[in-house]
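J.: Quick one: the structure is below, questions incoming.
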Amino acid sequence: MFATVRHRTVRTKGALSPTTAKLMVFKLVMAAAKTWRRLTGENQLPKVVAGVIFRDGTEVTASPDHRAA
């Protein structure tokens, strides 16, 4: 997505004012967003940020060892 924005802004370098550059970038991002996939499990993002470990999509909880000595 950013490559498209960079390509367009470099190609029209002399014709942009700061306002038109912002508008063009906004429109390019909106057009690119139509093809983005929605995240599944977006409610889990705070846990990921907090450092919780996930394995195969499920939260890994520390279980006590029950090994014989």
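J.: Within 10 Å of each candidate Cβ there may be at most 13 other Cβ atoms; applying that plus a DSSP loop requirement, which trypsin sites (Lys or Arg not before Pro) in the range 17-47 survive?
T.: Values: sites: LYS22, LYS27, LYS34, ARG37, ARG38, LYS47; in loops: LYS34, ARG37, ARG38.
Filter output for the range 17-47: LYS34, ARG37, ARG38.
J.: Now for a separate question. Grab the alpha carbons of the range 2-59, take their convex hull, and tell me the volume per residue in Å³.
T.: On the way: hull volume 7.7 nm³, N = 58.
Taking only Cα atoms, the range 2-59 has a hull volume of 133 Å³ per residue.
J.: Run the numbers for LYS47 and VAL29: contour at 0.36 nm per residue of separation, minus the present Cα-Cα distance, in nm.
T.: Details: separation 18, 0.36 × 18 = 6.48 nm, distance 2.79 nm.
Gain on stretching LYS47 to VAL29: 3.7 nm.
J.: Further, regarding this structure: Roughly how many nanometres apart are two label points built 7 Å out from the Cα toward the Cβ at THR40 and SER17?
T.: 4.8
The numbers here are math on the coordinates, done by the rules we state, and not lab data. All figures in this text were calculated on a predicted structure; none of them were measured in a lab. Ideal geometry is used to build each Cβ from the backbone, glycine not excepted, and the neighbour counts take in all protein chains shown.
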